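Take a look at the structure below.
Please treat every number below as a calculation from the coordinates, not as lab data. In this text, all values refer to a predicted model and were calculated from it rather than measured experimentally. With ideal geometry, Cβ positions are generated from the backbone for all residues, glycine too; neighbour counts draw on all protein chains shown.
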Amino acid sequence: MGLGSIAKNMHIPVLSSLNNVIISSAAEKQVDNGKKIADKWGIKNYYDDYNIMYESCDLDAVFICLPNFLHYNATLSALKHDINVFCEKPMGTNVNEAQQLVKTAQKKDLNLGVGYNRRLMQTYQNLADTVNSYRLGRVLQTHGILVNPGPYGGWIPSSDWFFKDIYNLLYDLGSHLMDLFMFILSNQIVEVYAQGVSTMYDLEVIDNISGFFKTEDDILGSFNIGWRMGSKYDAIQVHGTGASVFANSMETEFRHASYSPLDKISDNFSSSKKIISTFIGNVGSTAGRPDETYFKEIIAFLESINNEKKPLVTGEDAINVLKVLESIKKSLNEKKEVHIK
Amino acid sequence: MNTNDLVGISEIKNLKNRKEIKNSIFNLLDEMKKRDHIKIPINSKIFIKPNICLVKCCESGTTVDPFIVKFLVDWLIENYNPQKIIIGEADATQLNIDIAFKVLGWEYIFSEYSNVQLLNLSKDDNVKINLNGLYFENLDMSKTYMESDYLISVGKLKTHTITGITCILKNQYGANPIKYKAPYHKHLDEVICDLNMVRMPDLCLVDGIIGMEGKGPVSGIPKPMGLIIIGDNVLVTDHACAKIMGFKPDKITHLKLIAKETNSKISYETFGEDIKTVQTNFELISSWENILGSLYNNKAIKKIMAVIRT
């Protein structure tokens with residue numbers, strides 16, 4: 001559902017590569033573009049209205065790859081038609097919508113998966129494992145950053161929906177970062193304070209946000225999200241009474257009390273080794289192969305349908321993220337800290 | 001071109017001081033005018049073509065600082081009171097110029113000027129130009145661009161992974177109203193040559209306040225230089241810029257091509273700062289990175305690896 005860049009570059013190529021999957025139908029309102037993509041991937045049934053697709057086709061699952069503000073209606077309608085749903089993040093634009101979707105899925109005994117794929121990156125999985133193995137002692141503080149050139153700086157959005165809501169940075173990068181924090185720390189964020197600025201002339205979009213938060217276990221955190229950067233960058237560090245750990249998309253570094261320059265050399269050597277082996281491993285692969293995280297989340301979601309297990313990221317996880325995003329929004333508006341119920 | 005061609009260089013000490021930038025630009029323009037190297041007809045339509053190749057701000061080293069163009073406009077109004085000033089740039093593969101004008105502040109800055117117009121060259125009426133050039137037989141160009149009385153090109157002091165440098169000559173490549181220019185990259189030097197031959201700028205101004213080195217023209221690293229460079233001839237301006245950036249001008253293919261096409265010998269006088277005193281080395285991509293990149297993208301190697309894997 002929705003044949004924009006995320007469907008075209010990630011979901012369709014991954015699904016098409018799986019032996020036990022047939023992409024039988026697709027729906028996209030922009031017919032010219034949509035039909036081209038459907039033809040390219042051999043998708044037989046094409047619709048310009050997803051409700052007609054839901055009614056006409058016998059579907060086991062649907063992937064919602066629409067703009068954020070359309071996620072709720074498309075997901076709800078699919079669930080009402082007894083179809084399992086994988087919804088790209090965020091799952092709706094507010095907590096009420098997300099709760100409604102989770103309730104409907106539970107009532108209908110359907111699987112509802114959400115596309116928070118960053119938590120499936122190997123380095124962040126390692127970071128989460130380290131935190132949850134208690135090797136950091138008691139976790140006291142964390143810091144995370146997720147920035148990139150954003151729309152206009154890095155790509156030209158095909159429609160202007162990205163700028164219709166001045167808080168869309170929150171739903172784009174903020175949702176990933178908040179999900180990462182809560183996944184890595186296994187802790188719910190309960191209090192936030194944030195400040196934001198708009199740096200694009202004549203546009204009121206808040207394109208850079210910084211803030212602080214506290215979790216249910218009194219872990220203190222700070223975060224930076226932003227568009228308009230010269231490069232993409234993401235990193236999370238977690239500090240505990242026993243050790244600290246730092247991760248970004250390429251490496252994880254574990255720092256203990258006796259960490260020495262020799263340890264640093266050894267860490268650099270081992271991360272260089274990993275980068276080189278990834279480089280060599282990718283030489284023969286098709287250009288534009290989707291990120292591994294998309295394979296992981298999609299395969300797990302399909303297995304969850306067949307085996308009645310939970311998807312890797314559930315509707316409940318998505319509600320928790322939306323609770324934090326709504327509170328950050330409130331804090332930006334009211335310029336004060338907000339407690340999350 | 002003649003031996004009287006002039007290049008002026010001004011160095012700014014405080015890169016954030018707009019007053020200093022304004023004074024530098026005014027001084028350079030005054031000197032050019034005093035020496036009779038700016039000849040703008042009375043009541044004319046002046047076209048300014050700035051380099052805006054992506055929606056990235058001037059501090060990133062990617063695009064021209066709109067305030068440099070504002071100071072240029074102020075000087076033009078003060079000295080010539082032109083009928084109209086048009087600031088125009090075309091869409092590009094990854095650029096919607098209407099959005100860039102808005103997001104980067106051009107609309108905001110020039111909204112107070114009654115006789116200044118921002119123009120998307122890709123949306124303007126076209127005129128067909130018979131060129132018989134190195135790449136194009138003929139070219140559809142913006143009517144407003146071609147029919148203006150005086151053309152000022154405002155470039156950026158940057159490296160370019162294909163052409164070595166991008167200053168004024170490469171800036172003119174962007175005047176082609178076609179949005180999807182990527183297919184021209186295989187013949188970039190010839191296309192640059194044609195886009196200059198179709199209309200040579202009358203005056204050149206280069207924003208070298210924060211330039212770019214490395215993987216230019218959009219993915220490099222900002223290079224703070226604090227320089228404004230002016231010239232009355234595209235060839236000599238780019239020749240001087242290449243030297244300032246530490247390149248050998250005779251290794252820049254499009255510079256050589258245009259010199260040949262125009263039958264020009266490069267000779268010019270400088271004023272303001274001396275080239276040698278402001279000269280530095282702009283880094284391009286390292287050779288090992290080039291070798292690795294070409295290996296990584298080599299189709300034959302990809303096929304062999306795919307076979308080994310299966």
In region B:260-310, the trypsin sites (Lys or Arg not before Pro) that fall in loop regions by DSSP, at most 15 other Cβ within 10 Å: B:LYS265
Karplus-derived HN-Hα couplings along region B:235-251 (A = 6.51, B = -1.76, C = 1.60, θ = phi - 60°), whole Hz, x at Gly and Pro: 5, 6, 5, 5, 4, 5, 4, 4, 5, 4, 7, x, 9, 8, x, 6, 9
In nm, to one decimal, how far is the A:ILE265 label point from the B:THR277 one, both placed 7 Å along Cα→Cβ? 4.7 nm
Measuring from a point 7 Å past the Cα of A:LYS330 along Cα-to-C-beta, which residues in region A:214-233 have an amide N at less than 15 Å? A:214
If you take the Cα Rg of region B:184-279 and divide it by 2.2 N^0.38 Å, with N the number of residues, what do you get? 1.10
For a 27 Å ceiling on Cα separation, which of these pairs sit above it: A:LYS232/B:LYS102; A:LYS329/B:LYS215; B:LYS156/B:LYS248; A:LYS29/B:LYS49? A:LYS329/B:LYS215; A:LYS29/B:LYS49
Volume per residue (Å³) of the convex hull spanned by the alpha carbons of chain B is 146 Å³
What longest range of chain A stays clear of loop-exposed GluC sites (Glu not before Pro) (DSSP non-H/G/I/E/B, at most 11 other C-beta within 10 angstrom)? A:1-203
With Cβ to Cβ distances under 14 Å as the rule, what net charge do the other residues near B:MET212 carry (K, R +1; D, E -1)? +1
Alpha carbon convex hull of the protein assembly as shown, volume per residue in cubic angstrom: 190 Å³
Report the relative contact order of chain A, percent, no decimals, based on alpha-carbon pairs under 8 angstrom and at least 6 residues apart. 20 percent
With x for Gly and Pro, the residue-by-residue ³J(HN,Hα) of region A:250-257, computed from phi through the Karplus equation 6.51 cos²θ - 1.76 cosθ + 1.60 at θ = phi - 60° and given in whole Hz, is 10, 8, 10, 10, 9, 10, 10, 4
Report ³J(HN,Hα) in whole Hz for each residue of region A:17-29, in order, from the Karplus equation J = 6.51 cos²θ - 1.76 cosθ + 1.60 where θ = phi - 60°; Gly and Pro get x. 7, 8, 5, 8, 10, 10, 7, 8, 9, 9, 10, 7, 5
Report, in deg cm²/dmol and to the nearest 500, the calculated mean residue ellipticity at 222 nm for chain B, where each DSSP H run with n ≥ 4 adds -39500 (n - 2.57) and the sum is divided by the residue count. -10000 deg cm²/dmol
Which of the trypsin sites (Lys or Arg not before Pro) found in region A:84-140 are loop residues per DSSP with 15 or fewer other Cβ atoms within 10 Å of their Cβ? A:ARG135, A:ARG138
Antiparallel as a % of all DSSP beta bridges within the protein assembly as shown, to the nearest 5? 60 percent
Taking only DSSP H segments of four or more residues, each worth -39500 (n - 2.57), what value at 222 nm results for chain A once the sum is divided by all its residues, to the nearest 500 deg cm²/dmol? -12000 deg cm²/dmol
Paramagnetic label zone (point 7 Å from Cα along Cα-to-C-beta, B:LYS186; backbone N under 13 Å) in region B:267-310: none
Looking only at region B:5-309, where both bridge partners belong to it, what percent of the DSSP beta bridges are antiparallel (to the nearest 5)? 50 percent
Of the chymotrypsin sites (Phe, Trp or Tyr not before Pro) in region A:109-156, those whose Cβ has at most 16 other Cβ within 10 Å and which sit in DSSP loop: A:TYR134
Take the residue pairs A:LYS8/A:LYS36; B:LYS56/B:LYS251; A:LYS103/A:LYS309 and return only those whose Cα atoms are more than 20 Å apart. B:LYS56/B:LYS251
Average projected area [Cα convex hull, region B:30-186], square nanometres: 9.9 nm²
Restricting attention to chain B, give the cysteines that have no other cysteine Cβ less than 4.7 angstrom from their Cβ. B:CYS53, B:CYS57, B:CYS58, B:CYS193, B:CYS204
Mean shadow of region B:15-95, computed from the convex hull of its alpha carbons, in nm²? 6.0 nm²
Averaging the inverse of every distinct alpha carbon separation and then flipping it gives the Kirkwood radius. What is it for chain A, in angstrom units? 21.3 Å
Relative contact order for chain B: what is it in percent, counting Cα pairs under 8 Å that are at least 6 residues apart? 23 percent
Hey, which aspartates and glutamates would be in cross-link range of B:LYS256, C-alpha to C-alpha under 17 Å, not counting anything within fewer than 8 residues on its own chain? B:ASP189, B:GLU190, B:ASP194, B:ASP238
When the scattering of region B:218-259 is computed by the Debye formula from its Cα atoms alone, each counted once and equally, what is log10 I(q)/I(0) at q = 0.20, 0.26 Å⁻¹? -0.72, -0.99
If the reach is capped at under 12 angstrom between alpha carbons, list the aspartates and glutamates near A:LYS274, excluding any in the same chain fewer than eight residues apart. A:GLU251
Rounded to a whole number of µm²/s, how large is the Stokes-Einstein D of region A:96-185 at 37 °C and 0.692 mPa s, given Rh as the Kirkwood radius over C-alpha pairs? 205 µm²/s
Stretch B:ILE285-B:LYS84 to full length: gain in nm at 0.36 nm per residue minus the Cα-Cα span? 68.2 nm
Setting aside same-chain residues fewer than 8 positions from A:LYS330, which lysines have a Cα under 17 Å from its Cα? A:LYS214, A:LYS341
